[in-house]
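Here the structure is laid out as structure tokens; the discussion comes afterwards.
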Amino acid sequence: MLKNIVVLCMTILAAKAQRYNEPWHKKWFPHGPGEQDSNQVISDTKNLYDAHHGIAMGVVDSSCDDGKINLHMDWFNNIENYTCFENRSYYLPQSTVHPILSVEQIPEEYSAPHKCMNESIEYNEIIPTFGTHRPLWAVYGEYTFLPKQRWLHNLEHGAVVMLYHPCANLNEIVMLKRIVKKCLYRHVITPYNLLSPIRPLALVSWGHRLEMSKVSPEVVVNFIRKHALNGPEKTHRNGQYDLMLKEQAQVISDMDDHTLCPKHTEKGIEMR
Ligand SMILES: *[C@@H]1O[C@H](CO)[C@@H](O)[C@H](O)[C@H]1NC(C)=O
Ligand SMILES: *[C@@H]1O[C@H](CO)[C@@H](O)[C@H](O)[C@H]1NC(C)=O
Ligand SMILES: *[C@@H]1O[C@H](CO)[C@@H](O)[C@H](O)[C@H]1NC(C)=O
């Protein structure tokens, strides 16, 4: 609790400091200055920096972040991060364990900094919902493993990220994946072995996290409808980072996800 308050204060201070340094702190839309509408913007010295994040987003640059160099800063490519080595019976779904929704208050002026791959990024929360991240964000879809320093950037653009412990119940994982994939294009799915045995499933959006023991389609669909697309930067532009991407996301309603979970009816989500 105290930690949260401290983080919040620091965040507000950071946001204030930024306001004085920057004449223009709102979002550029649809594209920032010097930024092209392309998934592979080749950088030059002019467009690696922007006034908003420090380092411009989506610029592939080998001296900063090209999605290939220095990846060990975020992840050591360790198989344990996506493989179950424990007894799955510790991770069984329990109908008596209720889902927990938590909200992190993010000041409207807060603008998440970008850091190049020469600097590490740490988070205070086990499941961060906002914060500093890498300039290149992830291509939407399902991953064998995707580091949080990438998916945090997708959250900023309105994505919903599904996390599951590698030892979580396989039926629950399949059910949750199916719902998320049919609800919206802007999603990322990755295992995350820092989730607890009691709630080994989670959905994250900018400022919100839902931790679950068991999938309730109603709860999942409600979370997505309420909290998806709430990131401060409204763009459906796809990411550039696709290491270990297993399956690209499909467009569900349209590129902007105007209708979230369109197949969900009163009778429940249509599975096939
Ligand atoms: C990391 O690299 C960026 C871009 O090359 C540079 O601006 C920054 O100062 C470097 N940071 C450190 C700590 O060396
Ligand atoms: C990978 O798993 C180890 C062991 O549980 C953990 O300490 C580490 O934080 C995990 N790394 C990532 C990137 O999740
Ligand atoms: C897993 O744990 C359960 C319950 O504690 C036990 O019955 C089962 O034998 C264990 N399985 C393995 C492979 O250790």
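Pairing each residue of the range 114-129 that is in the same structural domain as residue 153 (by TED's automatic domain parsing) with any residue that is more than 11 Å from ligand 2 (Cβ to nearest atom) and among the polar types (S, T, N, Q), provided the two are 6+ apart or on different chains, yields C-beta distances under 6 Å for 115/132; 117/70; 121/132. Taking the conditions exactly as written (surrounded by fewer than 18 Cβ atoms within 10 Å (Cβ to Cβ), modelled with pLDDT under 95 and closer than 26 Å to residue 131 by Cβ), does residue 56 satisfy them or not? Judged against the criteria, residue 56 is not a match.
Inspection of the range 67-80 finds no residue satisfying the criterion of being within 16 Å of ligand 3 (Cβ to nearest atom), within 24 Å of residue 203 (Cα to Cα), part of a loop (DSSP other than H, G, I, E, B) and at pLDDT 95 or above. Only a single criterion out of (1) within 16 Å of ligand 2 (Cβ to nearest atom); (2) crowded, with 16+ Cβ neighbours inside 10 Å is not satisfied by residue 99, namely (1). Within 19 Å of residue 248 (Cβ to Cβ), more than 14 Å from ligand 2 (Cβ to nearest atom) and out of contact with any Pro (no Cβ under 8 Å at 6 or more places or on another chain) - does that describe any residue in the range 116-136? The answer is yes, given that some residue of the range 116-136 is within 19 Å of residue 248 (Cβ to Cβ), more than 14 Å from ligand 2 (Cβ to nearest atom) and out of contact with any Pro (no Cβ under 8 Å at 6 or more places or on another chain).
Of note, residue 62 satisfies the criterion of being away from ligand 2 (no atom under 16 Å from the Cβ), within 26 Å of residue 233 (Cα to Cα) and free of Cβ contacts under 8 Å to residues at least 24 places away in the same chain. Which one is surrounded by the fewest Cβ atoms within 10 Å (Cβ to Cβ) among residues in the range 79-96 that are of a type in the set (Val, Ile, Thr) and within 16 Å of ligand 2 (Cβ to nearest atom)? Looking at residues that are of a type in the set (Val, Ile, Thr) and within 16 Å of ligand 2 (Cβ to nearest atom), I get 79.
As a summary of the residue check, residue 265 satisfies the conditions (1) touching a Phe, Trp or Tyr at 6+ places or on another chain (Cβ under 6 Å); (2) surrounded by fewer than 18 Cβ atoms within 10 Å (Cβ to Cβ); (3) free of Cβ contacts under 8 Å to residues at least 60 places away in the same chain except for the one numbered (1). Apart from one condition, residue 96 fits all of (1) within 15 Å of ligand 1 (Cβ to nearest atom); (2) without any contact (Cβ under 8 Å) to a residue 40 or more places away in the chain; the exception is (1). Candidates are the residues of the range 180-213 that are over 16 Å from the mean Cα position of the chain (by Cα) and surrounded by 21 or more Cβ atoms within 10 Å (Cβ to Cβ); the one that is nearest to ligand 2 (Cβ to nearest atom) is 200.
Checking the stated criteria, residue 76 turns out to be under 22 Å from residue 131 (Cα atoms), of a type in the set (Phe, Trp, Tyr), away from ligand 1 (no atom under 15 Å from the Cβ) and exposed (fewer than 15 other Cβ atoms within 10 Å of the Cβ).
Only one entry in 129, 83 is within 16 Å of ligand 3 (Cβ to nearest atom) and closer than 29 Å to residue 224 by Cβ, namely 83.
Here residue 76 clears all of (1) under 26 Å from residue 196 (Cα atoms); (2) touching a residue at least 24 places away in the same chain (Cβ under 8 Å) except the condition numbered (2).
The values are calculated or read from the model by the stated rules, or taken from the named source; none is laboratory data. Worth saying up front: this structure is predicted, and the values here are computed from it rather than measured. Ideal geometry is used to build each Cβ from the backbone, glycine not excepted, and the neighbour counts take in all protein chains shown.
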